[in-house]
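Q: Have a look at this one.
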Amino acid sequence: MDSIQWYFLVFILIAVIAEIIWSNYKKNDTYNLNESLGNLGVFVGNQLIKPISILFKYMVLEWVAEFKFFDIPINFFTIICTFLAVEFIYYWYHRLSHEIPILWALHHTHHSALKFNLTTAVRLNWLGLFVSPLFYIPLVLIGLSPEIIITCLAIGLFYQYFLHTESIKKLGIFEGVLLNTPSAHRVHHGSNEKYIDKNYGAMLIVFDKLFGTYQSEEEKVTYGVTSGFFSNNPLIINFKPLVEYFKGNWKREKQKANERR
């Protein structure tokens, strides 16, 4: 692990400690010890396979680059275009991860937490790390730099980490304009019927506005999934949804919400 990663982990730890102190001061029950330990277990698993997943990401995108249709130079303008293109692809990858059952079985890991705090941000499915790069292949084929694409993704993940908090309230006139916010992302993690399948953006919220999936935070958010508590065991959190999918017992959130009516 290089020094940048160590600095990042230390920064995350400081942020979590600060949020725990804030949560205790406000007495708002933001953290659950067992769930946070489960989140940590998922994170440790991700770190263990991270070298393999990063290598896979580079191998796939660099290999595809050999078949690119155009040779687009790297400059300020194309970097901005790459950032917007990555945001666009992320929106659709994230949206399809809610709408396609097999992808939802992977993404379910992130949504099954009943608490919403900074440790929830690292609750990411292990197998999902090998699926997401495939969605960015079209960007490489048109000639955008794989290195810039991966850098934009890394910056986006860093930004999204700080969306997973209740300590930052609604940002007034800035809500629903350009950038994704903690308030908008709280809605995304809600199992309230009006909040399901909303606010898919990474750093930007503009594609949600454009494609009609934006929802402001109006009522108190009920976190988690419609089926309620799932597990605090990292192995079950990651793999049980897939097992249920292959057994034919799996439905996406919108289907289950409709059945509850």
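The values are calculated or read from the model by the stated rules, or taken from the named source; none is laboratory data. In this text, all values refer to a predicted model and were calculated from it rather than measured experimentally. Cβ atoms come from the backbone with ideal geometry, glycine included; neighbour counts cover every protein chain shown. Heads up: the accessible areas ignore ligands, DNA and RNA and are worked out on the full protein's heavy atoms, side chains in. Shrake-Rupley method; radii C 1.70, N 1.55, O 1.52, S 1.80 Å.
Q: Roughly how many nanometres apart are two label points built 7 Å out from the Cα toward the Cβ at SER227 and ILE173?
A: Distance between label points: 4.6 nm.
Q: Please identify the longest segment of the chain free of exposed chymotrypsin sites (Phe, Trp or Tyr not before Pro), where exposed means a DSSP state other than H, G, I, E or B and no more than 12 other Cβ atoms within 10 Å. Write out the running numbers ahead of the final one.
A: Values: sites that count: PHE67, PHE69, PHE70, PHE229.
Longest run free of exposed loop sites: 71-228.
Q: Divide the volume of the convex hull of the Cα atoms of region 71-112 by its number of residues and quote the answer in cubic angstrom per residue.
A: On the way: hull volume 3.7 nm³, N = 42.
About 88 Å³ per residue, rounded to a whole number.
Q: Let me ask something additional. Cα extents of region 81-192 along the three principal axes, largest first, in whole Å?
A: The principal-axis extents, from largest down, are 40, 33, 22 Å.
Q: Also, I was wondering about something else. Between the helical axis of 3-26 and the dominant principal axis of the chain, each derived from Cα atoms, what acute angle in degrees is found, rounded to the nearest 10?
A: 20
Q: Under the Kirkwood approximation for Rh and a Cα-based Rg, what ratio Rg/Rh is obtained for the chain? Don't jump to the answer; show the numbers that get you there.
A: Values: Rg = 18.4 Å, Rh = 19.3 Å.
Using only Cα positions, Rg/Rh for the chain is 0.95.
Q: In a shell of Cβ-Cβ distance under 15 Å around LEU127, excluding LEU127 itself, what net charge do Lys and Arg (+1) and Asp and Glu (-1) give?
A: Numbers: positive: LYS50, LYS57, ARG123, LYS240; negative: GLU244.
Surrounding charge for LEU127 is +3.
Q: Working with all protein chains in place, sort LYS27, LYS169, LYS57 by solvent-accessible area computed with a 1.4 Å probe, largest first.
A: Values: LYS27 170, LYS169 120, LYS57 50 Å².
Ranked from most to least accessible, the order is LYS27, LYS169, LYS57.
Q: Just subtract the alpha-carbon distance of ALA65 and GLU218 from 0.36 nm times their residue separation and send over the number in nm, one decimal.
A: Values: separation 153, 0.36 × 153 = 55.08 nm, distance 4.45 nm.
Full extension of this stretch gives 50.6 nm more.
Q: Something else: Project the alpha carbons of region 154-228 onto their principal axes and report the range along each, largest first, in whole Å.
A: Computed over region 154-228, the largest-to-smallest principal extents equal 32, 24, 24 Å.
Q: Here's a follow-up. Once neighbouring chains are kept in place and the probe is 1.4 Å, which whole percent of the accessible area of the chain is contributed by carbon and sulfur? Numbers along the way, then the final one.
A: Numbers: 9440 of 13490 Å².
On the chain, the fraction of accessible area on carbon and sulfur atoms equals 70 percent.
Q: Quick one: which residues, 5+ away or cross-chain, put their amide H under 5 Å from the amide H of TYR223? H built at 1.01 Å from N.
A: The answer is SER191.
Q: Could you tell me the center-to-center distance, by alpha carbons, between region 59-97 and region 137-169 in angstrom?
A: 11
Q: Could you tell me how many degrees, from 0 to 90 and to the nearest 10, lie between the Cα long axis of helix 33-65 and the main elongation axis, the longest principal axis, of the Cα atoms of the chain?
A: The helix 33-65 is inclined about 10 degrees to the chain.
Q: Would you kindly state the longest site-free stretch of the chain, with sites defined as GluC sites (Glu not before Pro) in a DSSP loop (not H, G, I, E, B) surrounded by at most 11 other Cβ atoms within 10 Å? Each step should come with its number before you reach the end.
A: Numbers: sites that count: GLU66, GLU218, GLU219.
Value returned for the longest uninterrupted segment is 67-217.
Q: If you line up the long axis of helix 234-246 against the longest principal axis of the chain, both from Cα atoms, how many degrees apart are they, to the nearest 10?
A: The two axes meet at around 80 degrees.
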